[in-house]
Amino acid sequence: MNWIGFKTIFMKEVGRSKDVLVQAFLSPVITTLLYFLVFGSAIGGNIKPIHGVPYDHFIVPGLIMMALLMNSLMAASSGIYFPRFIGTMSDLLTSPLSYLEIVMGFALSAAARALAIGITIFVISWIITGITVAHVVFTLIFGLLTALTFALLGLVLGIWAKDFEQLSMVPTLLLTPLTFLGGIFYSANMLPPMWQNVTKANPVFYMIDGLRWGFFGVSDTDPIISLVITGAVLTLSILILRRMFQTGYRLKS
């Protein structure tokens, strides 16, 4: 393992986030808190508890998961796209770094940025509502696992995208609808049977539901199923990235 090379990529990406602190950190935190204030504080008082959990508490894991998914994906995709855009990707590929060291450098820095945003949102939610976490270890591991999974998917996106329009297409047209329809603001059990089946075909639903179990010990599905599906997406992302680096797909051109 080339730790120096790995650390160099990791710290370069952390530094890139610091250079655009408002865009990378404050903007997603403020946007998520606005959702919380409108749906949790303003509207939540008129909604009955779900699974015995007050509504302003119920939506917190979903909002945190939304921040984790969006920010890990976007940080990783932009991180690997820009070396391709400015033509320095070939320098990285000819350096004494393996595929694994390059991928982990970009992916872990993106996951760290997303986790910092998620923890900040939790702390502010705790100050406002007094929300607590029932299963701390599970919540931390599951949050890290999902952030890393979407960071890897972000690398796939950053390598696949030909231009900035394609780079923003997946978060806007695919991930945002999947996230909002994945149960951030409601339980799948509140839906008619047909829409319950549609919701449960959405992998993001299991990620939100798994984190909700970590917070409250209650969920729509077994948390083991959430772990298995998240692990399956993680494995698929690794296999796609490995193939991309082996073939040089859009990396050497």
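The values are calculated or read from the model by the stated rules, or taken from the named source; none is laboratory data. Predicted model only: the values in this text are computed from it and were never measured. Note that each Cβ is placed from the backbone with ideal geometry, even for glycine, and that neighbours are counted across all protein chains shown. The area values use the complete protein model at the heavy-atom level, side chains included, leaving out ligands, DNA and RNA. Shrake-Rupley method; radii C 1.70, N 1.55, O 1.52, S 1.80 Å.
Worth a mention:
- Scanning the stretch 157-205 for residues that are under 19 Å from ASP222 (Cα atoms), open to solvent by 40 Å² or more (accessible area, probe 1.4 Å), aliphatic (A, V, I, L, M) and out of contact with any Ser or Thr (no Cβ under 7 Å at 6 or more places or on another chain) turns up MET190, VAL198, ALA201.
- Restricting the stretch 17-72 to residues that are out of contact with any Ser or Thr (no Cβ under 9 Å at 6 or more places or on another chain) and among the charged types (D, E, K, R), the residue that is surrounded by the most Cβ atoms within 10 Å (Cβ to Cβ): LYS18
- SER95 being out of contact with any Phe, Trp or Tyr (no Cβ under 8 Å at 6 or more places or on another chain) and not aliphatic (A, V, I, L, M): yes
- Every pair of residues 6+ apart whose Cβ atoms lie under 9 Å, when the first sits in the stretch 169-189 and is on the phi > 0 side of the Ramachandran plot while the second is polar (S, T, N, Q): GLY183/THR199; GLY183/ASN202
- Enumeration of residues in the stretch 13-59 that are out of contact with any Gly (no Cβ under 8 Å at 6 or more places or on another chain), part of a helix (DSSP H, G or I) and charged (D, E, K, R): LYS18, ASP19
- Selection from the stretch 42-92 of residues that are of a type in the set (Gly, Ala, Ser) and out of contact with any Asp or Glu (no Cβ under 6 Å at 6 or more places or on another chain): ALA42, GLY45, GLY52, GLY62, ALA67, SER72, ALA75, ALA76, SER77, SER78, GLY87, SER90
- Failed item, numbered, when SER78 is tested on (1) in contact with a helix residue (DSSP H, G or I) (Cβ under 8 Å, 6 or more places away or on another chain); (2) open to solvent by 50 Å² or more (accessible area, probe 1.4 Å): (2)
- The criterion of at least 2 residues that are at pLDDT 90 or above, within 29 Å of LEU92 (Cβ to Cβ) and not charged (D, E, K, R) is met by the following helices (runs of 4 or more DSSP H) wholly inside the stretch 143-253: 164-170, 223-247.
- In the set (1) part of a loop (DSSP other than H, G, I, E, B); (2) modelled with pLDDT of 95 or more, LEU115 fails one condition alone, (1).
- When ILE127, ILE121 are checked against the criterion of being assigned to a helix (DSSP H, G or I), of a type in the set (Val, Ile, Thr), at negative phi and open to solvent by 20 Å² or more (accessible area, probe 1.4 Å), ILE127 stands alone in meeting it.
- Selected residue (only one of LEU178, LEU211, LEU227 is touching a Pro at 6+ places or on another chain (Cβ under 9 Å) and within 17 Å of HIS135 (Cα to Cα)): LEU211
- If you filter the stretch 1-22 down to residues that are polar (S, T, N, Q) and modelled with pLDDT of 85 or more, you find that the one that is farthest from PRO96 (Cα to Cα) is SER17.
- Restricting PHE58, PHE10, PHE25 to those that are farther than 20 Å from LEU155 by Cα and touching a residue at least 40 places away in the same chain (Cβ under 8 Å) reduces the list to PHE58.
- When residues of the stretch 202-230 are limited to those that are over 15 Å from the mean Cα position of the chain (by Cα) and among the acidic types (Asp, Glu), the one farthest from MET65 (Cα to Cα): ASP222
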